[in-house]
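The values are calculated or read from the model by the stated rules, or taken from the named source; none is laboratory data. What you are looking at is a predicted structure, and each value in this text was computed from that prediction instead of being measured. Remember, those area values only see protein heavy atoms, side chains included, never the ligands or the DNA or RNA. Shrake-Rupley method; radii C 1.70, N 1.55, O 1.52, S 1.80 Å.
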Amino acid sequence: SVYEIALDYGFDYDSKKERAFILWVIEGAVSYGENIEETNEKIEFFIKEGGIFALSSGRSKEALLPVVDRLGKSKVGPSAVLNGGLVYDFSKDEVLAESLLLEKDKRLTQYVIESMPNVSIEIHTRDICYVPRRSAETDIHEEYEKITPVFADFSEVTDKDWLKVLYMPSSPDERDELVRIGLEICGDTSDFNDSTANIFGVSKKYVEQM
């Protein structure tokens with residue numbers, strides 16, 4: 001429904017103005033030619049009338065900066081990034097909330113490091129992406145996310161506040177094993193998500209993309 005779409009994209013839907021904007025975005029996504037121009041005019045009208053955007057994404061806040069620049073920094077308010085692990089107000093450059101992973105999530109990472117040597121790993125915190133095990137996949141992903149990684153041993157990051165962990169298994173069998181162990185260790189408190197066929201993410205339960 002339009003209400004679910006509104007929440008998925010970080011919008012409330014209490015006012016007619018907000019509901020109309022969601023419908024315009026949907027209209028634009030399925031339009032072409034003159035219809036696109038008309039929809040863009042409606043979005044511009046929303047902005048001119050004081051509408052504020054809220055973004056929601058599994059990506060890093062750095063990856064969303066081109067979108068923020070296009071919309072205008074003053075027009076992007078509190079937004080959920082890293083699958084809801086971080087709520088960030090782009091207009092104020094301010095962190096509003098964090099949903100931290102638990103110690104059991106760190107135990108899953110420790111298990112992967114000790115028992116699954118072909119799985120590469122990214123650990124996302126508020127400002128830094130730590131990489132305890134690098135691969136071609138992590139290099140590609142970090143370029144895509146527009147982040148500069150910090151290569152570090154697992155022991156160097158255990159005391160950090162983790163918001164999201166990405167695992168990159170090298171085979172379907174490894175992925176299945178990772179899912180099985182993940183559910184066993186932290187399935188009751190964490191959400192697992194597959195952003196692509198070879199990326200397996202872990203974030204705090206019930207906050208994914210808010």
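Odds and ends about this structure:
- Estimated at the nearest 10 Å², the accessible area of residue 114 is 130 Å² with a 1.4 Å probe.
- Note that the range 92-156 presents 56 Å² accessible area per residue, ligands and nucleic acids not counted, probe 1.4 Å.
- All Cα-Cα distances of the range 118-210, cut into 5 Å bins from zero to the largest, leave 3, 13, 24, 26, 22, 11, 1 percent in each bin in turn.
- Portion, in percent, of the accessible area of the range 65-210 that falls on carbon or sulfur, probe 1.4 Å: 49 percent
- Relative contact order, percent, the range 34-87 [alpha-carbon distance under 8 Å, six or more residues apart]: 40 percent
- Solvent-accessible surface (1.4 Å probe) assigned to residue 194 amounts to roughly 80 Å².
- Area accessible to solvent at residue 144, 1.4 Å probe radius, in Å²: 130 Å²
- Normalised by the number of residues in the range 93-150, the mean separation of alpha-carbon contacts (under 8 Å, six or more apart) gives a relative contact order of 23 percent.
- Anisotropy class assigned to the range 59-142 is oblate, per the alpha carbon gyration tensor with a/c at or over the 1.5 cut-off and a/b no larger than b/c.
- Alpha-carbon Debye profile of the range 52-198, log10 I(q)/I(0) at 0.09, 0.11, 0.21 Å⁻¹: -0.28, -0.42, -1.36
- 22 Å Cα-Cα reach of residue 164 towards lysines, excluding residues that sit fewer than 8 places from it in its own chain: 61, 104, 106, 146, 204, 205
- Normalised by the number of residues in the range 55-210, the average gap of Cα pairs under 8 Å and 6 or more apart makes the relative contact order 25 percent.
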